[in-house]
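The values are calculated or read from the model by the stated rules, or taken from the named source; none is laboratory data. Remember, it's a predicted structure, so these values are computed and weren't measured experimentally. Using ideal geometry, Cβ is built from the backbone for each residue, glycine included, and neighbour counts are taken over all protein chains shown.
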Ligand SMILES: Nc1ncnc2c1ncn2[C@@H]1O[C@H](COP(=O)(O)OP(=O)(O)OP(=O)(O)O)[C@@H](O)[C@H]1O
């Protein structure tokens with residue numbers, strides 16, 4: 001653990017105060033505060049303190065919250081910049097973390113969530129890939145506006161991933177017509193997934209987001225066992241049936257000892273365009289109650305929103321447009337990344353030190 005002496009040679013009470021404050025900051029994204037080793041430098045330029053923070057998770061836009069917190073605590077002139085450096089615990093080739101996005105049943109918005117989370121993680125500072133493992137109903141090509149596009153071959157054995165909005169992506173939908181994929185049986189689907197994963201030149205990635213096929217049957221179980229994943233996220237809607245199936249998803253991942261990073265409740269509510277009132281169309285609190293019952297974090301409650309559907313259908317980048325509803329995905333991506341860091345740190349027994357020095 002570094003001491004505060006790494007930042008400056010002469011004592012500056014204000015700098016000491018900044019570090020103390022950053023250490024004691026707490027939020028869902030920073031449950032252990034800003035650790036000393038994440039503070040890369042603090043420089044005083046005229047009367048302004050310029051702070052560079054290098055985070056082991058993707059949360060660039062937390063810079064505003066940290067600045068506001070320091071301002072509230074009487075550190076008047078401060079500018080924070082955040083860089084991302086996710087620890088290199090390669091799980092597969094040059095991929096640091098494989099994250100599965102799953103759902104107990106179809107149509108709950110799993111693929112939409114997977115795409116927007118991948119884009120949000122990228123915007124927040126990570127290098128991200130997206131693998132469409134929904135072999136029977138690949139929707140990533142359409143969600144990224146890549147229908148009818150085909151990947152190029154790198155050599156006899158390897159394909160270059162398709163690139164869109166800064167993501168490296170691969171889908172069976174780029175390779176065969178959808179109707180051909182739907183007739184595959186279980187083992188063929190699982191083999192196709194293996195090929196897509198192994199025979200794509202992913203390059204160096206912080207996260208590979210995998211859009212899993214919906215359901216909790218044998219195919220999903222076999223696929224999960226074959227993927228060297230760090231964790232899974234389960235997407236559900238608030239209806240009782242969807243929640244019951246999400247519960248089966250939790251049980252499936254428990255069976256193969258894959259940590260669940262969290263639950264996302266999609267289509268949680270609808271904001272009335274006229275009065276702004278929140279309407280829980282499909283019922284309230286189902287996701288939070290399920291999460292609490294199983295001791296898994298609820299990462300987000302995403303509203304039913306016309307812009308989400310429209311931008312998805314057009315294959316546009318919803319996140320880059322900076323519209324209000326995109327904030328749900330951005331916050332969810334930060335939380336996912338932070339939770340995954342903590343889970344991995346705990347699993348590899350990396351020392352997490354609580355300190356106020
Ligand atoms: N929060 C949302 N608000 C509005 N529309 C949404 C939202 N989430 C998803 N949708 C829409 O719901 C439909 C189904 O979404 P999506 O294809 O992502 O579901 P899925 O769970 O991946 O389905 P499948 O299991 O069949 O692959 C799409 O038309 C999508 O645009």
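Residues in segment 189-212 that are surrounded by 24 or more Cβ atoms within 10 Å (Cβ to Cβ) and part of a helix (DSSP H, G or I): 193 only.
Among the conditions (1) under 30 Å from residue 200 (Cβ atoms); (2) surrounded by 15 or more Cβ atoms within 10 Å (Cβ to Cβ), residue 66 misses just one, which is (1). Here residue 147 fulfils each of the conditions (1) in a loop (DSSP other than H, G, I, E, B); (2) within 18 Å of the chain's Cα centre (by Cα) apart from (2). If you go through segment 249-290, how many residues are closer than 16 Å to residue 229 by Cα and surrounded by fewer than 15 Cβ atoms within 10 Å (Cβ to Cβ)? Here the count works out to 4.
Restricting attention to segment 37-55, the residues that are assigned to a strand (DSSP E or B) and under 22 Å from residue 97 (Cβ atoms) add up to 3.
Could you list, in sequence order, all residues of segment 265-308 that are part of a helix (DSSP H, G or I) and touching a residue at least 60 places away in the same chain (Cβ under 8 Å)?
Residue satisfying the conditions is 308 alone.
Residues that are part of a strand (DSSP E or B) and modelled with pLDDT of 95 or more are absent from segment 326-344 altogether.
Among the residues of segment 102-123, the one identified as assigned to a loop (DSSP other than H, G, I, E, B), surrounded by 24 or more Cβ atoms within 10 Å (Cβ to Cβ) and more than 7 Å from the ligand (Cβ to nearest atom) is 104.
All conditions in (1) crowded, with 22+ Cβ neighbours inside 10 Å; (2) assigned to a loop (DSSP other than H, G, I, E, B); (3) within 16 Å of the ligand (Cβ to nearest atom) hold for residue 58, with the sole exception of (3). Being in contact with a strand residue (DSSP E or B) (Cβ under 9 Å, 6 or more places away or on another chain) and outside any loop (DSSP other than H, G, I, E, B), is that true of even one residue in segment 29-36? Checked segment 29-36: no residue is in contact with a strand residue (DSSP E or B) (Cβ under 9 Å, 6 or more places away or on another chain) and outside any loop (DSSP other than H, G, I, E, B). So which residues in segment 62-101 are in a helix (DSSP H, G or I) and either out of contact with any helix residue (DSSP H, G or I) (no Cβ under 7 Å at 6 or more places or on another chain) or over 23 Å from residue 115 (Cα atoms) (or both), if there are any at all? Result: 63, 64, 65, 66, 67, 68, 69, 70, 71, 72.
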